[in-house]
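Q: This is the structure, below, for whatever I ask next.
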Amino acid sequence: MPGVLELRLGVTRGALAPRAYTSAVNEITLSLEELDRVVEPDPKSRVAWFVERTDWYESGPTIQLRPDLQGAHRSTEDLYRPGRALLAGITSLHTSPKIPDDFSERTVKRMAEVGALTHRHASGIQTIEVAELDHDNTSTRIDERVDNNAKLAVAQASLAYGSVVGKLDVISARTARTRIGLVTGYGPPVTCMVDKIDPEVYLHLFNSKVLVAGILKRNVSGQIIRIEADSLELQQLPSSVDVEALRGALPNPSGMSVAEYLEWQRGR
């Protein structure tokens with residue numbers, strides 16, 4: 001099955017805490033769902049993840065996670081995408097305190113939570129590795145370095161007032177404050193805090209391209225982590241201009257032809 005990932009847990013003393021086990025599996029699964037959400041706007045076409053197989057080796061347990069389409073049509077490449085984005089993001093966090101492409105603020109925090117398990121004595125987990133079972137069996141580790149860089153990537157380093165353009169993607173009201181994911185089309189998604197916005201406004205503009213203005217919070221790498229939104233409005237598409245409306249827009253006092261004008265502009 002395309003897109004199968006294997007989570008490998010290296011344990012100490014031949015055992016691990018049940019909560020650490022379930023936490024690692026849960027955070028990885030939720031991260032895969034978030035990464036799939038970025039590239040697939042239709043909820044009906046997103047994949048669900050299932051445990052296909054579990055084993056216990058001398059080093060510890062392994063869990064295979066399989067994407068399931070639930071009847072929706074997706075290409076094979078689409079099935080590979082969430083897992084590969086996860087592996088690429090973890091690899092990026094090994095070297096830099098930046099939010100990886102396709103990762104949201106929440107996904108980065110999940111990597112920090114998973115990485116923290118490897119240096120928490122009570123968890124019983126010594127190492128955590130994520131591998132893609134297809135092709136060359138690419139793998140990467142989530143460790144203390146990933147934990148540290150992930151925390152820096154979502155830590156506020158500067159404030160400024162500004163605006164961001166993107167598509168409203170996910171609304172979360174599970175916490176005390178309502179937040180919306182904003183997919184910008186460049187770089188990682190941005191978390192928008194919308195407490196000051198009328199719910200009817202952002203609910204009406206859900207899945208639309210909008211302009212959000214407010215206080216921008218950036219990390220040490222200069223990336224926008226989140227925006228405390230003051231206003232949110234539909235981003236209008238640029239209107240087309242008729243050819244006739246362009247006539248006379250450029251100065252041509254000598255009455256030159258188009259070819260002559262271009263030659264003149266080139267300095268010939």
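Q: If the chain between residue 177 and residue 75 were fully stretched, how many nm would it gain, using 0.36 nm times the residue separation less the Cα-Cα distance?
A: My answer for the length gained is 33.1 nm.
Q: When the Cα atoms of the stretch 106-236 are enclosed in a convex hull and the volume is divided per residue, what value in Å³ results?
A: Values: hull volume 19.7 nm³, N = 131.
Per-residue hull volume (Cα only) is 151 Å³.
Q: Average the reciprocal distances over every distinct pair of alpha-carbons in the stretch 1-69, invert the result, and give the Kirkwood radius in Å.
A: 13.2 Å
Q: If you don't mind, another one. May I ask you to give the solvent-accessible area per residue for the stretch 1-133, in square angstrom, as obtained with a 1.4 angstrom probe?
A: 46 Å²
Q: Sticking with this structure for a sec: Which shape class, rounded, prolate or oblate, goes with the stretch 48-102 when its Cα gyration tensor gives a ≥ b ≥ c as root eigenvalues, a/c under 1.5 marks rounded, and past that a/b bigger than b/c marks prolate?
A: oblate
Q: Separate question: Residue 218 to residue 101: extension gain in nm, 0.36 nm per residue of separation minus the Cα-Cα distance?
A: Extending this stretch completely gives an extra 40.6 nm.
Q: Counting only protein heavy atoms and a 1.4 Å probe, tell me what percentage of the stretch 1-120's accessible area is made up of carbon and sulfur.
A: Its accessible area is 50 percent carbon and sulfur atoms.
Q: Okay, next question. Using only the Cα atoms of the stretch 53-156, each taken as one equal point scatterer with no solvent, compute I(q) by the Debye sum, divide by I(0), and report log10 of the ratio at q = 0.18 Å⁻¹.
A: -0.95
The values are calculated or read from the model by the stated rules, or taken from the named source; none is laboratory data. Small disclaimer: the values here were computed from a predicted structure and weren't measured. When the accessible area is computed, the model is the full protein with side chains, heavy atoms only, and any ligands, DNA or RNA have been set aside. Shrake-Rupley method; radii C 1.70, N 1.55, O 1.52, S 1.80 Å.
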